[in-house]
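The structure under discussion appears below in the form of structure tokens.
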Amino acid sequence: MASLHIRNVPDSVRRGLRLRAARKGRSMEAEVRAILAENVQSETGQEFDPASLQDFVRGLFKGRPPRLTDELIRERRREARSENRLAKERSRAGRGKRAGARKT
């Protein structure tokens, strides 16, 4: 089954979702799944089929395996190190220019 991560959910929506889930005796995650399934069914007139969703997600990757979170984190850390190195070099270069300007 696919995973879905939703960012920037307003606090009021999260609180409401938490209360709604508690009233129904579900976790927030189970409540979100139920809401999505209900809305897909009402939109399409068909019951939610997890297998078709998985096929859709696989199609997005067009035969390439999805990248693992650990791989993405390692890549981002490499990028951050590179960005930090460049920033330090620019900072040093800027200090050298200012120091040279003071001497004259």
* Restrict the check to segment 91-99 and report whether at least one residue is over 18 Å from the mean Cα position of the chain (by Cα), at pLDDT below 85, among the small types (Gly, Ala, Ser) and within 27 Å of Ala2 (Cβ to Cβ). => no
* Structure fact -> For segment 20-34, pairs from a residue that is modelled with pLDDT of 90 or more and surrounded by 14 or more Cβ atoms within 10 Å (Cβ to Cβ) to a residue that is hydroxyl-bearing (Ser, Thr, Tyr) and not in a helix (DSSP H, G or I), with Cβ under 8 Å and 6 or more apart or across chains, are Ala21/Ser27
* Structure fact -> Condition set under 23 Å from Ser3 (Cβ atoms), in a helix (DSSP H, G or I) and charged (D, E, K, R), scope segment 52-78, selection modelled with the lowest pLDDT: answer is Arg58
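The values are calculated or read from the model by the stated rules, or taken from the named source; none is laboratory data. Remember, it's a predicted structure, so these values are computed and weren't measured experimentally. So basically every Cβ, Gly included, is an ideal-geometry build from the backbone, and we count neighbours across all protein chains shown.
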